[in-house]
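Beneath this line is the structure, given in structure tokens, with notes to follow.
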Amino acid sequence: MFASVLLTSLLLSACSGEEDKYGAGVDPDAPRVQVKDMFLRPDLMGQTVTLEGRIVSQCASNGCWFYLQDDTGQVYIDLSRNGFELPSLPNKTAVATGTVARQQQAFLLIATGVEIK
């Protein structure tokens, strides 16, 4: 009996449309921007923002980073600095909140949370 209740609840949760959350999840108060805005708007440097796009490449060994692509470009999302990881999720839609930063000549988002749709 217990096994059938457990199986039913697992199936219902899988079909409920809930998003998978990693780290702190997405901050609903952070402004939503596009990837191009990180490159074109210097005022975003050091600010907390939210991006949405498709995972196009990901760390294969432990899921500590990925590249997110939207209609305007592609950017590196660093998960390791805040101590969380993602399982392998190629081509899934991700929403990431974090701090806009620059490392050497590249822009990146130091993520505090990610949700997969």
Per-residue accessible area, 1.4 Å probe, largest first, puts Phe66, Phe39, Phe107 in the order Phe39, Phe107, Phe66
Net lengthening on full extension, Met45/Asn62 (0.36 nm per residue, minus Cα-Cα)
3.4 nm
Approximate spin-label separation Arg81-Ile116, in nm, with each point projected 7 Å along Cα-to-Cβ
2.3
With a 1.4 Å probe and every protein chain left in place, tell me how much accessible area Ser88 has, in Å² to the nearest 10.
100
Heavy-atom surface of the stretch 11-117, accessible at 1.4 Å and reported per residue (Å²)
56
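The values are calculated or read from the model by the stated rules, or taken from the named source; none is laboratory data. Every value quoted in this text rests on a predicted model; they were computed, and no experiment measured them. So basically every Cβ, Gly included, is an ideal-geometry build from the backbone, and we count neighbours across all protein chains shown. To get the accessible areas, we keep the full protein, side chains included, count just its heavy atoms, and leave off ligands, DNA and RNA. Shrake-Rupley method; radii C 1.70, N 1.55, O 1.52, S 1.80 Å.
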